[in-house]
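Chemist: Quick one: the structure is below, and I'll ask about it shortly.
Each value in this text was obtained by applying a stated rule to the coordinates, not by laboratory testing. Please read all numbers here as calculations on a predicted model, not as lab measurements. Cβ: placed from backbone, ideal geometry, glycine included. Neighbour counts: every protein chain shown.
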């Protein structure tokens, strides 16, 4: 399974179009997807984006919460109600919705950040401040990660 990894900064043109980094487009293409879903992150001034299968997982996970609970209603409002399906143009660009750009503070440039099964889109200076803070929090906690068993020999 292809993953979103790395960071890539791209310019936004006057029409609000931005080129999705080639490695990220390749992930979508490997899945046969010509569009993806984007929604505002509620914890940070950024946009999160994913493919159809991850969006279906998100929706299904919301169904696991108690029906009519505030938690289910709030998360459905934040994610599903604010999601946009963004299609690639022939040059691999997308148009970021204005309300998402405003939420993330994105103007002239956007940094695309890999998050494994999904990606995020940030205003570069805001991303850098968040990245540094996350690095320091992880260091201060002495963060560790228990690796899952390898599924295939090349995963080891």
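Chemist: Tally the residues that are exposed (fewer than 15 other Cβ atoms within 10 Å of the Cβ) and touching a residue at least 60 places away in the same chain (Cβ under 8 Å), restricting the search to the range 74-123. Give the derivation first.
Modeler: Quick first cut of the range 74-123, residues exposed (fewer than 15 other Cβ atoms within 10 Å of the Cβ) only: 74, 77, 80-81, 85, 87, 89-91, 98-99, 102, 105, 107-109, 115-116.
Pick out the ones that are also touching a residue at least 60 places away in the same chain (Cβ under 8 Å) and you get 89, 91, 98, 105, 107-109, 115-116.
So the answer is 9.
Chemist: Hey, another quick one. Please go through (1) more than 24 Å from residue 23 (Cβ to Cβ); (2) loosely packed, with under 10 Cβ neighbours inside 10 Å for residue 137 and return the number of the only condition it doesn't satisfy.
Modeler: If we test residue 137 against (1) more than 24 Å from residue 23 (Cβ to Cβ); (2) loosely packed, with under 10 Cβ neighbours inside 10 Å, just (2) comes out false.
Chemist: Do the conditions hold for residue 106, that is, is it touching a helix residue (DSSP H, G or I) at 6+ places or on another chain (Cβ under 9 Å) and within 18 Å of residue 41 (Cβ to Cβ)? Steps first, please.
Modeler: Working: touching a helix residue (DSSP H, G or I) at 6+ places or on another chain (Cβ under 9 Å): yes; within 18 Å of residue 41 (Cβ to Cβ): yes.
It is true that residue 106 is touching a helix residue (DSSP H, G or I) at 6+ places or on another chain (Cβ under 9 Å) and within 18 Å of residue 41 (Cβ to Cβ).
Chemist: Same structure again: Please count how many residues of the range 3-19 are out of contact with any strand residue (DSSP E or B) (no Cβ under 6 Å at 6 or more places or on another chain) and surrounded by 13 or more Cβ atoms within 10 Å (Cβ to Cβ). Break it down into steps so the answer makes sense when it comes.
Modeler: Start the filter on the range 3-19 by keeping residues that are out of contact with any strand residue (DSSP E or B) (no Cβ under 6 Å at 6 or more places or on another chain), which leaves 13-15.
After this cut, where a residue has to be surrounded by 13 or more Cβ atoms within 10 Å (Cβ to Cβ) as well, the list is none.
The qualifying residues number 0.
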